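Peer 1: Can you keep this structure in mind? I'll have questions shortly.
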Amino acid sequence: MSTTLILGGGFGGLACARAIAARAPGSHRILLVDRSRDFLVGAAKTWVMLGDRRAEEAVCPRSKLLPARVTLIEDEVRGIDAARREVRTTSGTLSGDQLVIALGADLDLAAVPGLEHAAQTFYTLDGAVRLRAALGRFTGGRIMLLIPRAPFKCPPAPYEAAMMLHAALERRGIRAQIDVWTVEKAPMPTAGPEMGKTIAGELAARGIGFHPGMKATAVEGARGVVRFEDETHAEYELLIAVPPHRAPRAVVEAGLAEPGGWIPVDPGTLAVKKPGVAPDVYTIGDLASVPLPGRWSPDMPLVLPKAGVFAAAQGEAVGERIAAELSGATATATFGGQGHCYIEVGGGRAMRGDGVFFATPHPVMTARVPDETQYRDKLEWVKHWLSPPA
């Protein structure tokens, strides 16, 4: 009996498992390993942060979202042997004829000295719950939304959070100065200068400060101070941070990730491009380093942003390729580099950005004026991912 082993049950792993289950011969076995019981839609975490949804409304048991023929193993990946397509978990060793690595990124607030103990974050569900409590106690002052390192998943999320927070505090009659301090030179830089100007304009319209190109080097929580690489500093009453992202330890120890980075893959097939890796080993989602053909500057190569919509499209493409090969057909499915994101601006309005990231001479992304219709579209998108398949 042949086996596909999928590590990680986020957007990419879930989409891959569904695609294989729908197309592969009935005798084929599909194993999906994930350490957590629940599937989380990250786009709902800002709602939890503001108390608009309960934490349990942002998740669904993963078992309910998977086809019956997929075996879910709730366990933690401890080691990966990509040459043999073997995986060591807390409970034992698993192997597959195909290996799909979709473990996502680990979040590491400790990467910046002092940040872990000083900052709130909405980038985890537990963090969003804690931040909701902190906002309930907040009576006014300076709020710093800090992006200390890049890349990070869901590039519009910090800017969306700043605008949603502005609207929420305004409704409560609380006076606050919100500022975004980021290591990025512009919002969503891979999407291009026009998209960056659009978001910066939305921030400015609300009086939200924007400070690009600022790399945080340390946080002094007792004093409410963040220090930056240029030897300047900024003060805050409430600090909200995007945690620095890194590859999981099992991936690094397996030698799959580039130094300080992610796993290099073929842009279309998502096959891992590292010496010594067996055929039929793929990486999808936040862990994958997908090079883009276009550039905004000749001397600055671009890679695909990290986002759930890309992970899902990659997972579906890999799943279709695996199923085709198992059926004796030629694998033709590829990832096309297209995707979208929703950016809420507060007040029940949002804008959708649609991107073609494999375009040349540079990626192309367009967005419409925020409105209620696009906000409702986001609600439906989240509902779709949290609903068991028909």
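The values are calculated or read from the model by the stated rules, or taken from the named source; none is laboratory data. Remember, it's a predicted structure, so these values are computed and weren't measured experimentally. Using ideal geometry, Cβ is built from the backbone for each residue, glycine included, and neighbour counts are taken over all protein chains shown. Areas reflect the complete protein model, heavy atoms only, side chains present, ligands, DNA and RNA absent. Shrake-Rupley method; radii C 1.70, N 1.55, O 1.52, S 1.80 Å.
Peer 1: Where in region 352-390 are there trypsin sites (Lys or Arg not before Pro) that are in a DSSP coil and have at most 16 other Cβ atoms within 10 angstrom of their Cβ? Don't skip to the answer; put the middle values down first.
Peer 2: Details: sites: R352, R368, R376, K378, K383; in loops: R368.
Loop-located and lightly packed - R368.
Peer 1: A 31 angstrom limit on the alpha carbon distance is what I want to check against. Which of K197/K273; K153/K274; K197/K378; K64/K185; K64/K197; K153/K273 exceed it? Intermediate results must be reported in sequence, preceding the final value.
Peer 2: Working: K197/K273 35 Å; K153/K274 23 Å; K197/K378 22 Å; K64/K185 41 Å; K64/K197 41 Å; K153/K273 22 Å.
As for pairs spanning more than 31 Å Cα to Cα, those are K197/K273; K64/K185; K64/K197.
Peer 1: Per the Kirkwood treatment, what hydrodynamic radius in Å, one decimal, follows for the chain from the mean inverse distance over all distinct Cα pairs?
Peer 2: Averaging 1/r across every pair of different Cα atoms and inverting gives 21.7 Å.
Peer 1: Do any trypsin sites (Lys or Arg not before Pro) in region 154-206 lie in a loop, going by DSSP, with at most 12 other beta-carbon atoms within 10 Å of their beta carbon, and if so which?
Peer 2: Values: sites: R171, R172, R175, K185, K197, R206; in loops: R175, K185, R206.
Of the trypsin sites (Lys or Arg not before Pro), the ones in loops of region 154-206 whose Cβ has at most 12 other Cβ atoms within 10 Å are R175, K185.
Peer 1: Using Cα atoms only, what is the angle between the long axis of helix 372-385 and the major principal axis of the chain, expressed in degrees (0 to 90) to the nearest 10?
Peer 2: Tilt relative to the chain: about 40 degrees.
Peer 1: Please give the direction-averaged projected area of the C-alpha convex hull for region 300-390, in square nanometres with one decimal.
Peer 2: Working: hull surface 33.9 nm².
For region 300-390, averaging the hull's shadow over all directions gives 8.5 nm².
Peer 1: Taking the simple approach of a point 7 Å from Cα along Cα-to-Cβ for both S63 and A22, what is their distance in nm?
Peer 2: Label-label distance for S63 and A22, simple model: 2.4 nm.
Peer 1: Distance in nm between label sites at T71 and R130, each 7 Å beyond Cα in the beta-carbon direction?
Peer 2: According to this spin-label approximation, the distance is 3.7 nm.
Peer 1: Turning to a different aspect of this structure: Could you work out the pair-distance distribution P(r) of region 95-226 from its alpha-carbon pairs, with 10 angstrom bin width and percents rounded to whole numbers?
Peer 2: Result, from short to long distances: 10, 39, 35, 11, 4, 1 percent.
Peer 1: Out of region 56-87, which trypsin sites (Lys or Arg not before Pro) are coil in DSSP terms and have no more than 13 other C-beta atoms within 10 Å?
Peer 2: Numbers: sites: R62, K64, R69, R78, R84, R85; in loops: R69, R84, R85.
Counting only loop positions with at most 13 other Cβ atoms within 10 Å, the trypsin sites (Lys or Arg not before Pro) in region 56-87 are R84.
Peer 1: If you don't mind, there's one more thing I want to ask. Please report, for the Cα atoms of region 296-348, the Rg to one decimal and the Dmax as a whole number; what are they, in angstrom?
Peer 2: 16.3, 52
Peer 1: In square angstrom, what is the accessible area per residue of the chain with a 1.4 angstrom probe? Display every interim value, and only then the final one.
Peer 2: Working: 16830 Å² over 390 residues.
Each residue of the chain exposes 43 Å² on average to a 1.4 Å probe.
Peer 1: Work out, step by step, the length gained on full extension between S327 and T139: first 0.36 nm times the residue separation, then minus their alpha carbon distance; give nm to one decimal. Each step should come with its number before you reach the end.
Peer 2: Working: separation 188, 0.36 × 188 = 67.68 nm, distance 6.19 nm.
Full-extension gain reported as 61.5 nm.
Peer 1: Then there's this: Quick check on region 205-348: take the gyration tensor over C-alpha atoms, sort the square-rooted eigenvalues as a ≥ b ≥ c, and tell me if it's rounded (a/c under 1.5), prolate or oblate. Before the final figure, lay out each step's value.
Peer 2: Working: a/c = 2.53, a/b = 1.88, b/c = 1.35.
Prolate shape, in that a/c is at least 1.5 and a/b is the bigger ratio.
Peer 1: Rounded, prolate or oblate, given the Cα gyration tensor of region 57-115, with a/c below 1.5 counting as rounded? Can you show the working numbers first?
Peer 2: Values: a/c = 2.52, a/b = 1.24, b/c = 2.03.
Judged from the Cα gyration tensor, region 57-115 comes out oblate (a/c at least 1.5, b/c at or above a/b).
Peer 1: Can you compute the helix-only [θ] at 222 nm over the chain? Use -39500 (n - 2.57) per DSSP H run of at least 4 residues, normalise by all residues, nearest 500 deg cm²/dmol.
Peer 2: On the way: 10 runs with 106 residues, N = 390.
Taking each H run of at least 4 residues, the total per residue is -8000 deg cm²/dmol.
Peer 1: May I pose another question? Let me check I have the definition right: for region 199-288, take the eigenvalues of the Cα gyration tensor, multiply each by 5, take square roots. What are those semi-axes in whole Å, largest first? Walk me through the numbers before you get to the answer.
Peer 2: On the way: eigenvalues 287, 65, 22 Å².
After diagonalising the Cα gyration tensor, the semi-axes are 38, 18, 11 Å.
Peer 1: I would also like to ask the following. Share of region 158-224's accessible area from carbon and sulfur, percent, 1.4 Å?
Peer 2: Details: 1550 of 2930 Å².
Carbon-and-sulfur percentage of accessible area, whole number: 53.
Peer 1: Of all the accessible heavy-atom surface of region 56-96, with the other protein chains kept in place and a 1.4 Å probe, what percent is carbon and sulfur?
Peer 2: Working: 890 of 2180 Å².
Carbon and sulfur atoms account for 41 percent of the accessible area of region 56-96.
Peer 1: Here's another thing I want to ask about it. Below 8 Å between Cα atoms, with a sequence gap of 6+, how large is the relative contact order for region 277-390 in percent? Present the calculation step by step, with values, prior to reporting the outcome.
Peer 2: Working: 157 pairs, mean separation 23.5, N = 114.
Averaging sequence separation for qualifying contacts and normalising by length gives 21 percent for region 277-390.
Peer 1: What is the packing order of peptides 283-294, 125-136, taking the mean over residues of other C-beta atoms within 10 Å and listing the highest first?
Peer 2: Values: 283-294: 23.7, 125-136: 17.1.
My ranking of the peptides, most packed first, is 283-294, 125-136.
Peer 1: Counting only C-alpha contacts under 8 Å and six or more residues apart, can you give the relative contact order of region 211-318 as a whole percent?
Peer 2: Details: 126 pairs, mean separation 15.7, N = 108.
For region 211-318, the relative contact order is 14 percent.
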